[in-house]
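Taking it in order: structure first as structure tokens, then the write-up.
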Amino acid sequence: MCGDTTQHPTRRRYPDGVLRLEILRNIDADGFEVVNGLLEAAERADGQRALSDHLWLDLRQGGRRGFAAIIGWEDDHDHPVAYAQVSRGNDSWSLDLVVHPHHRYDMAAIGPEMLDAALDVVRSEGGGHVHWWVFEPSAIYFELAEKTGLHPGRELFQMRRPLPLDTDLSNRIEPGFTRGFSFSDDAAAWLDVNNRAFASHAEQGDWDIDTLTARTREPWFDADGFRIAEIDGAIAGFCWTKMHPGSVGEIYVIAADPAFAGRGLGSKLTIAGLVWLADHGAKTGMLYVDTGNHPAVTMYRKLGFVSAHRERAFVGDIH
């Protein structure tokens, strides 16, 4: 039903029935629609998309190297009850688990089966570092992580503030501080800045031209909202914005070239991005930041952001 499998579906019992796991390394259009139906149900229940951009693009593209989709079925349901995905990137593995809202009462039973199957895929590929991001994890997620050999890692704030900015903030940016992005002119230089700024970052570092191209082909991408700041003709930093439904504008990725550190570019780029978002209809500004990055959190709070919720990574080295 869902593309080419690399192993026969397995049946694993849990208290309320039989969980049949379909493990796929490629996924066709029909399979994508099946999985997307579950993801949309989860998004309606949770108010946000279930998968990160990296995982979503891997799923959309049908499965690149290091991709695996694990679909959990019950024989008496015509929709999957759970979905897990692993995707390789930047010397580590991203993992996500989505349980259908109608079956979350069985999370303690479904979760270990799905996570074990996903981690078995990682083992079959030689192992590696795994990170699993969870939105506002409850105690059950900490228990699931412990059972599968993962432990709490990075934690993010999602921070928000109303838009537009007041005049005092918006006037801090001189005209022409940022401009839009030109793929033909900026891609190579931007990749260099991005990869140096995020050298130790699991998801944002080590991008290549194909990674950037895939992002720019997403329906939400706006080259003018991908703001570039220059100093002496070189890219000094950037503020990549993203519009969401409901008039929410995100500071999607923001960084300064390490060569220009100490010039206050972080605050200036954030303000420039928020001004652009407000000018294009955003009523709320949003971003993610590590809870342990105290200078950045302090800066964002000074710009009027407050914490809306937290996301937690569970991590581990799988052998």
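The values are calculated or read from the model by the stated rules, or taken from the named source; none is laboratory data. Please read all numbers here as calculations on a predicted model, not as lab measurements. Neighbour counts run over all protein chains shown; Cβ positions are idealised from the backbone, glycine included.
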>> Gly281 - would you say it is at pLDDT 95 or above and more than 22 Å from the chain's Cα centre (by Cα)?
In response: yes
> Is it true that some residue in the stretch 75-84 is assigned to a loop (DSSP other than H, G, I, E, B), of a type outside the set (Lys, Arg), free of Cβ contacts under 8 Å to residues at least 60 places away in the same chain and under 11 Å from His100 (Cα atoms)?
Replying inline: yes
> Restricting to the stretch 165-193, what's the tally of residues that are in a loop (DSSP other than H, G, I, E, B) and in contact (Cβ under 8 Å) with a residue 12 or more places away in the chain?
Replying inline: 7
>> Residue pairs, Cβ under 8 Å, 6 or more apart or interchain, first in the stretch 36-58 and without any contact (Cβ under 8 Å) to a residue 60 or more places away in the chain, second among the β-branched types (Val, Ile, Thr). List them.
In response: Leu39/Val98; Ala42/Val98; Ala42/Val99; Ala50/Val98; Leu51/Val98
> Are any residues in the stretch 173-187 surrounded by 13 or more Cβ atoms within 10 Å (Cβ to Cβ) and out of contact with any Ser or Thr (no Cβ under 7 Å at 6 or more places or on another chain), and if so, which ones?
Replying inline: Ile173, Phe177, Thr178, Arg179, Gly180, Phe181, Asp186, Ala187
>> Can you tell me which condition Ala214 does not meet? The list is (1) modelled with pLDDT of 95 or more; (2) surrounded by 15 or more Cβ atoms within 10 Å (Cβ to Cβ), and all the others hold.
In response: (1)
> Which members of the stretch 256-309 meet the condition of being part of a helix (DSSP H, G or I), surrounded by 13 or more Cβ atoms within 10 Å (Cβ to Cβ) and aliphatic (A, V, I, L, M)?
Replying inline: Leu265, Leu269, Ile271, Ala272, Leu274, Val275, Leu277, Ala278, Ala296, Val297, Met299
> How about the stretch 93-130: which of its residues are part of a strand (DSSP E or B) and surrounded by 19 or more Cβ atoms within 10 Å (Cβ to Cβ)?
Replying inline: Trp93, Ser94, Leu95, Asp96, Leu97, Val98, Val99, Val130
>> Which residue is farthest from the chain's Cα centre (by Cα), if the candidates are limited to the stretch 224-235 and must be in a strand (DSSP E or B) and either polar (S, T, N, Q) or surrounded by fewer than 19 Cβ atoms within 10 Å (Cβ to Cβ) (or both)?
In response: Ile231
